[in-house]
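Heads up: the structure comes next, in structure tokens.
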Amino acid sequence: MDIKWKKVVFKRTRLAYERNDIFATIKRLAKKYKLDFAGKVYLETVRCYFTISEEELKKCRYNYKGKDTYAFVLSDKYIMALYTHCLLARKAVAFENIELNGLSEVELSMVKLENVREVLFQALLLDDVKFDDGKMYAELCTVLLI
């Protein structure tokens, strides 16, 4: 998100210093909003699951420093589509009439996206994709100001 102009701008990082710039932006935001974490600011992490055929997955398998891993070559357009898909899936959950057991009233209102004043930061973490029960997922991290 481009904070200066209050516009959402897609940014893809390719180098370590670009990631560091994002973290510096987060620190500047923390100073600007004087965050006290007393029920006003929340960090939400949502797992976004993706599917890929076994045939395609085999093409992406590599050996890096003696360990088996996967490498996905994704264009900016494809990454933006994944990001948009995650946002739409997250919004769909917010508008469903579901009872989430074990959540406090504040947490439930956050899941339903009630009283969200501003999204301070949002990122789809594709450089740390994980597998769980045969499914691949990345995490969508959002910092919300309530």
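Coordinate-derived values only; no laboratory data. For clarity, every value in this text was computed on a predicted model and none was experimentally measured.
How far, in nm, would the chain grow between residue 49 and residue 14 when pulled straight, counting 0.36 nm per residue and subtracting the alpha carbon separation?
10.3 nm
Over 18 Å between Cα atoms: which of 58/130; 67/130; 77/130; 40/112; 112/135 fall into that group?
77/130; 112/135
Stretch residue 137-residue 58 to full length: gain in nm at 0.36 nm per residue minus the Cα-Cα span?
Roughly 26.7 nm would be gained on extension.
I need the Kirkwood Rh of segment 37-83: take the reciprocal of the average 1/r across all distinct C-alpha pairs and report it in angstrom.
This gives a value of 14.0 Å.
What is the gain in length, in nm to one decimal, between residue 78 and residue 118 on full extension, counting 0.36 nm per residue of separation less the C-alpha to C-alpha distance?
Working it through step by step, the gained length comes to 11.8 nm.
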